[in-house]
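Participant: I am attaching a structure below and will ask some questions about it afterwards.
The values are calculated or read from the model by the stated rules, or taken from the named source; none is laboratory data. None of these values were measured; they are calculated from a predicted model. Here the Cβ is made from the backbone with ideal geometry for all residues, glycine too, and neighbour counts use every protein chain on show. Side chains included, ligands, DNA and RNA excluded: accessible areas come from the protein's heavy atoms. Shrake-Rupley method; radii C 1.70, N 1.55, O 1.52, S 1.80 Å.
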Amino acid sequence: MLRHRRERFAGWFPLVIVVLFSPTIVLGEPVERVFQAGTAKVDITPKLGGWIIGGWEPIPAERVHDSLHVKCVVLDNGQARLAFMVCDNLGIPRQVFDEAKRRISDTTGIPEQCQVMSATHTHSSVSAGFDNRYAPDMQLTEYQMRLVEAMVQAAEAANGTLQPAQIGWSSIDVPEHVFNRRWFMKPDTPTPNPFGGTDLAVMNPGQNNPNLDRPAGPIDPEVSFLSVRSVDGNPIALLANYSLHYVGGVVKGELSADYFSLFGSRVMELIADGKDSSPMVGIMTNGTSGDINNIHFGIKTERRPAYEQMQYVAYDLANRVAEAERQMTYHNWVPLAGADAELVLKNRQPTAEQLARAKLVSERGEEIELYHPHEPTYARRVLQMQQMPPTQNIVLTSVRIGDLGIVTIPFEVLVEIGLELKQRSPLGDTLVISLAGGSGGYLPNPKQHAYGGYETWLGTNVVEKQASVKIVEALLKLLKEVADS
Ligand SMILES: [Zn+2]
């Protein structure tokens, strides 16, 4: 315990003050500080017959391949309490998370700024969104209410099972499973977009395409994780973060939590080392993966049978994380803190010309020559965007666990934004969780906006082109706030 305080003071106090303070710390430490952790998971597998979203067109959910959950970890150090809540879903609107936060804060006392809530971004679940994704209703849908109730139940259960624990964190690089999916193409390759223009970057350009030039952005190979175990060494929970959109390769019409859940159960099995791992909770959160997927575009690979690729990725990551966990240092007590902030972003609005074209395509799309095969989809979206308010408020959260920083962003965030935050963070290792505290389309940085491509198209991206710059600055301020707390 003394060690932590001394480490913190030594960084920014002159040596003489450390010397003066040290005896005071030793004498003034009569109460033993206890670190505690609790976990829970609640099933959120949707009813069959709902619409699976995540592809271009929704498809009905006909079977359950594997169950979907909300998983929760609560940490308490006697001074502050944090809750992490991760849902197997494509993306959850802010209104749903806000309702859950309010109720959890009422029943557990965990302040809203200390609650980190996100969706994994499995592409094989039903929508947790509103009918018009650009204009939220006042009323939550039936499935949204079910998610709120499951989150509250999970938080209360985790909060009710707090036990003395130790915590540690580490990170490893696993570049093998992540590829930037946005590519520059060789000169003279046609790269039209649904708005009548031409892009520089093309999403998912096809494996081994002879016109590929080079990826339009980097990857983030880092798998960061934190792990909690009981004081006698039994694993309790592990929460990891990796910048991989999802893996997929499911059977059409089946519900699945994708590699996120396979990683979670496998890593706990490995860490449990023969003990019953079922009460433990393993979680994979989504990093900044808006432009990162699991397809190596430079080569042609064999298509594996359904669910094999996600298992391959999940098990390999679980092996490597479990190995790193064995080398990791656990702490008996660490500082915890959380802070959040609201940020107002302008929404992009279609131009009069775009609206006129969208009306024409939606009325007479069969008869006219289209700019792009997906133009009818974007025409629909542009028309729906008319109901979107001119601005939206997003919530950003930052928590600190010892010298580990965690921040949240409510979009499908392109990877360079996460890399910048990690590089500029005032804390040690920093994890960036996307699809957190809300959802709301893709978030490219201004450089990627200039390249164009799917992630930047009006309708897939709805917030102003400077949004990422504002978000990064706001999060760095929040990180500093929790680092100084
Ligand atoms: Zn996606």
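Participant: Restricting to the stretch 248-260, give me the number of residues that are crowded, with 24+ Cβ neighbours inside 10 Å and either in contact with a Phe, Trp or Tyr (Cβ under 9 Å, 6 or more places away or on another chain) or not assigned by TED's automatic domain parsing to the domain that holds Ala306 (or both).
Facilitator: 4
Participant: Here's another thing I want to ask about it. Answer with yes or no whether Ser398 is surrounded by 17 or more Cβ atoms within 10 Å (Cβ to Cβ) and hydroxyl-bearing (Ser, Thr, Tyr). Explain how you work it out, then say what you get.
Facilitator: Values: surrounded by 17 or more Cβ atoms within 10 Å (Cβ to Cβ): yes; hydroxyl-bearing (Ser, Thr, Tyr): yes.
Considered against the rule, which asks whether it is surrounded by 17 or more Cβ atoms within 10 Å (Cβ to Cβ) and hydroxyl-bearing (Ser, Thr, Tyr), Ser398 comes out as yes.
Participant: Separate question: If Gly109 meets every condition in (1) at pLDDT below 95; (2) open to solvent by 10 Å² or more (accessible area, probe 1.4 Å) apart from one, which number is that one?
Facilitator: (1)
Participant: Mind checking which residues of the stretch 423-438 are among the small types (Gly, Ala, Ser) and open to solvent by 10 Å² or more (accessible area, probe 1.4 Å)?
Facilitator: Ser425, Gly428
Participant: Is it fair to say Asp291 is among the acidic types (Asp, Glu), open to solvent by less than 60 Å² (accessible area, probe 1.4 Å) and in the same structural domain as Ala157 (by TED's automatic domain parsing)?
Facilitator: Yes.
Participant: For residues that are open to solvent by 60 Å² or more (accessible area, probe 1.4 Å), more than 25 Å from Arg348 (Cβ to Cβ) and in contact with a helix residue (DSSP H, G or I) (Cβ under 9 Å, 6 or more places away or on another chain), tally how many sit in the stretch 451-485.
Facilitator: Count: 0.
Participant: Check every one of the strands (runs of 3 or more DSSP E) wholly within the stretch 160-260 and list those with 1 or more residues that are aliphatic (A, V, I, L, M) and farther than 30 Å from Pro376 by Cβ.
Facilitator: The strands (runs of 3 or more DSSP E) meeting that bar are 163-173, 222-230, 235-242.
Participant: I need the full set of residues from the stretch 391-442 which are of a type in the set (Val, Ile, Thr) and under 21 Å from Arg182 (Cβ atoms), in order please.
Facilitator: Ile409, Val413, Val415, Ile417, Val432
Participant: Scanning the stretch 308-327 for residues that are in contact with a strand residue (DSSP E or B) (Cβ under 9 Å, 6 or more places away or on another chain) and surrounded by 15 or more Cβ atoms within 10 Å (Cβ to Cβ), which turns out nearest to Pro194 (Cα to Cα)?
Facilitator: Ala314
Participant: In addition: Restricting attention to the stretch 185-211, which residues are open to solvent by 20 Å² or more (accessible area, probe 1.4 Å) and among the aliphatic types (A, V, I, L, M)?
Facilitator: Matches in the stretch 185-211: Met185, Leu200, Val202, Met203.
Participant: Considering only residues that are open to solvent by less than 10 Å² (accessible area, probe 1.4 Å) and either within 16 Å of the ligand (Cβ to nearest atom) or out of contact with any helix residue (DSSP H, G or I) (no Cβ under 8 Å at 6 or more places or on another chain) (or both), which ones fall in the stretch 261-277? So that I can check it myself, show each step before the final result.
Facilitator: At the first step, the residues of the stretch 261-277 found to be open to solvent by less than 10 Å² (accessible area, probe 1.4 Å) are 263-264, 267-268, 272.
The answer is Gly264, Met268, Ala272.
Participant: Right, another one. Identify, please: which residue in the stretch 90-106 is part of a helix (DSSP H, G or I) and either hydrophobic (A, V, I, L, M, F, W, C) or within 16 Å of the ligand (Cβ to nearest atom) (or both) and is, among those, surrounded by the fewest Cβ atoms within 10 Å (Cβ to Cβ)? Before you say what the answer is, go through the steps one by one.
Facilitator: Let us first name the residues in the stretch 90-106 that are part of a helix (DSSP H, G or I), namely 94-106.
The next check asks that each one be either hydrophobic (A, V, I, L, M, F, W, C) or within 16 Å of the ligand (Cβ to nearest atom) (or both); those that pass are 96-97, 100, 104.
Numbers: Val96: 28, Phe97: 28, Ala100: 26, Ile104: 28.
In this case the residue turns out to be Ala100.
Participant: So, one more: (1) buried (at least 20 other Cβ atoms within 10 Å of the Cβ); (2) out of contact with any Cys (no Cβ under 6 Å at 6 or more places or on another chain); (3) modelled with pLDDT of 95 or more: which one isn't true of Arg133, the others all being true?
Facilitator: (3)
Participant: Of all residues in the stretch 110-154, how many are within 16 Å of the ligand (Cβ to nearest atom) and assigned to a helix (DSSP H, G or I)?
Facilitator: So the count comes out to 0.
Participant: Scanning for something closer than 27 Å to Asp88 by Cβ and charged (D, E, K, R), does the stretch 421-428 turn up at least one residue? Don't jump to the end; show me each part of the working.
Facilitator: Filtering the stretch 421-428 down to residues closer than 27 Å to Asp88 by Cβ leaves 421-422.
This time we only want the ones that are charged (D, E, K, R), so: 422.
Taking every residue of the stretch 421-428 in turn, at least one turns out to be closer than 27 Å to Asp88 by Cβ and charged (D, E, K, R).
Participant: While we're on this one: Could you identify the single residue in Glu420, Glu412 that is of a type in the set (Asp, Glu), buried (at least 21 other Cβ atoms within 10 Å of the Cβ) and outside the structural domain of Ala80 (by TED's automatic domain parsing)?
Facilitator: That would be Glu412, the only listed residue that is of a type in the set (Asp, Glu), buried (at least 21 other Cβ atoms within 10 Å of the Cβ) and outside the structural domain of Ala80 (by TED's automatic domain parsing).
Participant: Which condition breaks for Gly206 when tested against (1) over 26 Å from Thr39 (Cβ atoms); (2) assigned by TED's automatic domain parsing to the domain that holds Val267; (3) modelled with pLDDT under 95?
Facilitator: Exception for Gly206: condition (2).
Participant: Whether any residue in the stretch 148-164 is within 26 Å of Tyr242 (Cα to Cα) and open to solvent by 50 Å² or more (accessible area, probe 1.4 Å) is what I want to check.
Facilitator: No, that holds for no residue.
Participant: Here is a further query. Out of (1) out of contact with any Leu (no Cβ under 7 Å at 6 or more places or on another chain); (2) of a type in the set (Val, Ile, Thr); (3) touching a residue at least 40 places away in the same chain (Cβ under 8 Å); (4) more than 16 Å from the ligand (Cβ to nearest atom), what's the single condition that is false for Thr189?
Facilitator: Going through the list (1) out of contact with any Leu (no Cβ under 7 Å at 6 or more places or on another chain); (2) of a type in the set (Val, Ile, Thr); (3) touching a residue at least 40 places away in the same chain (Cβ under 8 Å); (4) more than 16 Å from the ligand (Cβ to nearest atom), Thr189 breaks only (3).
Participant: Could you tell me which residue of the stretch 278-327 is nearest to the ligand (Cβ to nearest atom), considering only residues that are closer than 21 Å to Asp76 by Cβ and at pLDDT 95 or above?
Facilitator: Thr285
Participant: Has the stretch 336-352 got at least one residue that is modelled with pLDDT of 95 or more, of a type in the set (A, V, I, L, M) and within 16 Å of the ligand (Cβ to nearest atom)?
Facilitator: Checking the stretch 336-352: not a single residue is modelled with pLDDT of 95 or more, of a type in the set (A, V, I, L, M) and within 16 Å of the ligand (Cβ to nearest atom).
Participant: Considering the stretch 67-89 alone, what residues qualify as being within 16 Å of the ligand (Cβ to nearest atom) and charged (D, E, K, R)?
Facilitator: Asp88
Participant: Count, please, the residues in the stretch 37-85 that happen to be open to solvent by less than 20 Å² (accessible area, probe 1.4 Å) and aromatic (Phe, Trp, Tyr).
Facilitator: 1
Participant: For residues that are within 16 Å of the ligand (Cβ to nearest atom) and not aromatic (Phe, Trp, Tyr), tally how many sit in the stretch 218-246. If you could, list the steps in order and put the result at the bottom.
Facilitator: Let us first name the residues in the stretch 218-246 that are within 16 Å of the ligand (Cβ to nearest atom), namely 242-246.
In the following step, the residues that additionally are not aromatic (Phe, Trp, Tyr) were identified as 243-245.
Counting residues in the stretch 218-246 that are within 16 Å of the ligand (Cβ to nearest atom) and not aromatic (Phe, Trp, Tyr) gives 3.
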